[in-house]
Structures are given as C-alpha cells and as structure tokens.
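Below is one structure. I have some questions about it.
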C-alpha cells in the first residue's frame, strides 16, 4: 500500500507498515483484529527466540528492524491505543510500566501521522464508492490452518512452518501475508 499510493516514509518502511497495521487493528477493536495484532507481536518474539536458540547472529545493519524491536513496538502501540485491554499482554512480555505510560503518546502521534498522510487518499463523502469484490470462500477453515486475507488461499499452518524452516533467513526472508486462525497455544515471554 505504501508503494502503490506513493506515501512518503521516514524511517524503515516495514516499521511504518507495522505501525499502520497495528493502529488499524487496535481501532477496529474486535476479537479477530485483537487476535491478529497480538499474534503478530508474538510472532516477532518467537522469531527472536528461535534465532537465539539456533545461534543466528543479530544483523544490526539489516534493512529490517530487529525482531524484538518490532514486537515491542507493536505491543507499545497496542497498549498505547487501548491501555485497559492490552495491559495484560504488555505485562506478560515485561514492557515496563513507565514505558507503557509513554506508549499512549506513541499511539497518538502515529495515529495522527497516518491520518494526515492518508487524508488525500481517502474517499470524499460525495465521491462514488468503489465496489471491491474479494475472494469467495465456500468451505470450512479448520483449526491449524492459515488464510491469506487478500486472496483467501488457505493452507495448513504446518506447511507454512515448513516453508519458513526451508527458506534461508527464516521468517525475516519469508514475507507471508497470512493470518493464523488459531491463537498461539502458550504465551511467549521474551528472554531479555
């Protein structure tokens, strides 16, 4: 979306995309979007744990943010946007209370910034609505499967995990746009 719309980005593009996705999910404020954004953060915590377990060195000069940074930034925006709802998650991942308090400013600033930069691209009240037809899914999504929100393609999570294992660079190199339909079985607490 950032490239297609010619939106200027100051900083890392993926960090900006993480912030937008988190802000949108937090503002949606429903169980599904809460689960998606929570699992996105947990995925970055898991990626960091895996890399450390496998002895993969942190690449400080990479074009992507470090997994823990991305995870904590997502959690910070979550607790900044809805402190009561996401305080438990912030405590679970050991985000200090002082930082949790300052996350409200981060959320407010990021939300305001995205509203400003997207304003020229938003449909005006008198503009005609664009009809968008999404994929038609006629089946059952089973627990342990993942569905791409763009195309509707569904695949077992085990297959995605195998693809990530065989991809050089793991999760960092695989740019999957899938949403897990089953929440993580157990909470992930980072080893800091």
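Say whether the condition of being in a loop (DSSP other than H, G, I, E, B) and buried (at least 16 other Cβ atoms within 10 Å of the Cβ) is met by at least one residue in segment 6-25. I'd like the intermediate steps shown before the answer.
First pass over segment 6-25, keeping only residues in a loop (DSSP other than H, G, I, E, B): 6-12.
Then keep just the ones that are buried (at least 16 other Cβ atoms within 10 Å of the Cβ); that gives 7.
The answer is yes; a qualifying residue exists.
Tally time: how many residues in segment 126-142 are more than 20 Å from residue 5 (Cα to Cα) and modelled with pLDDT of 85 or more?
Summing the residues that are more than 20 Å from residue 5 (Cα to Cα) and modelled with pLDDT of 85 or more in segment 126-142 gives 1.
Moving on. State whether the residues of segment 115-130 include one that is under 14 Å from residue 22 (Cα atoms) and touching a residue at least 40 places away in the same chain (Cβ under 8 Å).
No: zero hits.
Then there's this: Can you tell me how many residues within segment 105-129 are surrounded by 15 or more Cβ atoms within 10 Å (Cβ to Cβ) and closer than 16 Å to residue 82 by Cα?
Number of matching residues: 4.
Condition check ((1) part of a helix (DSSP H, G or I); (2) over 24 Å from residue 39 (Cβ atoms)) across all residues:
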residue	(1), (2)
91	yes, no
94	no, no
105	yes, yes
114	yes, no
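Among the residues of segment 41-58, how many are surrounded by 18 or more Cβ atoms within 10 Å (Cβ to Cβ) and out of contact with any helix residue (DSSP H, G or I) (no Cβ under 6 Å at 6 or more places or on another chain)?
The number of residues fulfilling the criteria is 3.
The values are calculated or read from the model by the stated rules, or taken from the named source; none is laboratory data. Predicted model only: the values in this text are computed from it and were never measured. Cβ sites come from the backbone with ideal geometry, for glycine too, and all protein chains shown count toward neighbours.
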